[in-house]
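Enquirer: This is the structure, below, for whatever I ask next.
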Amino acid sequence: MPVRAMERLQHGRGGSRMHTFLLTRSASQNNEAWGYPFAGWNKPVILFALCIVCMIISACRGKPASLEERIKAYWEVRTKGQAEQAYEFEAPGRMDKPTYLKRVLTSPVAFKAATIKEIKEQGDEAEVELHVEYFLPGLSRSASSSMLDKWVKVRGRWYHMLPSAGEGGASPEERR
């Protein structure tokens, strides 16, 4: 920019202070207060710092849920009767969605509540002892009992294992 045009802008003729700021080449050449904090910084240093901050934020959000958190979330949607959401917690490839929905929605047992009693984690498998309250057809009030729930870890994430036909969710005491 010619020197004369620059002088006119600085003295208020032909432009404002904002124009002066926008026309200068770096923040260190103007007198704007908000330009000083980054005036001596190198652009690669700023970009590197921003990349580090973004990596930290994404790493914090991407932490997989613990087994206990997954169990609680699964049983929350099951007790609310939200079979479609419950399917998202089932082990991948174990059962297709239409079969799962048919099985869960036509089951005579309607779960009312589930409480974790004990979690036995062994590598990528876990056995969870639950205390469940449920409704059965023909009963005037809810019933309760202990139940074993199986979970498996697939690619770092815990999934529920719905018992296959013939498998029960009964506790060892109830199987005797």
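Values in this text are rule-based calculations from the coordinates and carry no lab data. Source: prediction; values computed, not measured. Counting neighbours? That spans all protein chains shown, and the Cβs are built from the backbone with ideal geometry, glycine included.
Enquirer: Within the range 90-109, identify whether any single residue is part of a helix (DSSP H, G or I), in contact with a helix residue (DSSP H, G or I) (Cβ under 8 Å, 6 or more places away or on another chain), of a type outside the set (A, V, I, L, M, F, W, C) and surrounded by fewer than 13 Cβ atoms within 10 Å (Cβ to Cβ), and answer yes or no.
Expert: yes
Enquirer: Would you check if there is a residue in the range 109-126 being farther than 17 Å from TRP75 by Cα, of a type outside the set (Gly, Ala, Ser) and touching a Pro at 6+ places or on another chain (Cβ under 8 Å)?
Expert: no
Enquirer: Moving to a separate point now. Inside the range 76-98, can you point out the residues that are under 22 Å from HIS131 (Cα atoms) and within 17 Å of the chain's Cα centre (by Cα)?
Expert: Answer for the range 76-98, where residues must be under 22 Å from HIS131 (Cα atoms) and within 17 Å of the chain's Cα centre (by Cα): GLU76, VAL77, GLN85, ALA86, TYR87, PHE89, GLU90.
Enquirer: Suppose the filter is surrounded by 10 or more Cβ atoms within 10 Å (Cβ to Cβ) and either in contact (Cβ under 8 Å) with a residue 24 or more places away in the chain or in a loop (DSSP other than H, G, I, E, B) (or both); does LYS120 pass it?
Expert: Considered against the rule, which asks whether it is surrounded by 10 or more Cβ atoms within 10 Å (Cβ to Cβ) and either in contact (Cβ under 8 Å) with a residue 24 or more places away in the chain or in a loop (DSSP other than H, G, I, E, B) (or both), LYS120 comes out as no.
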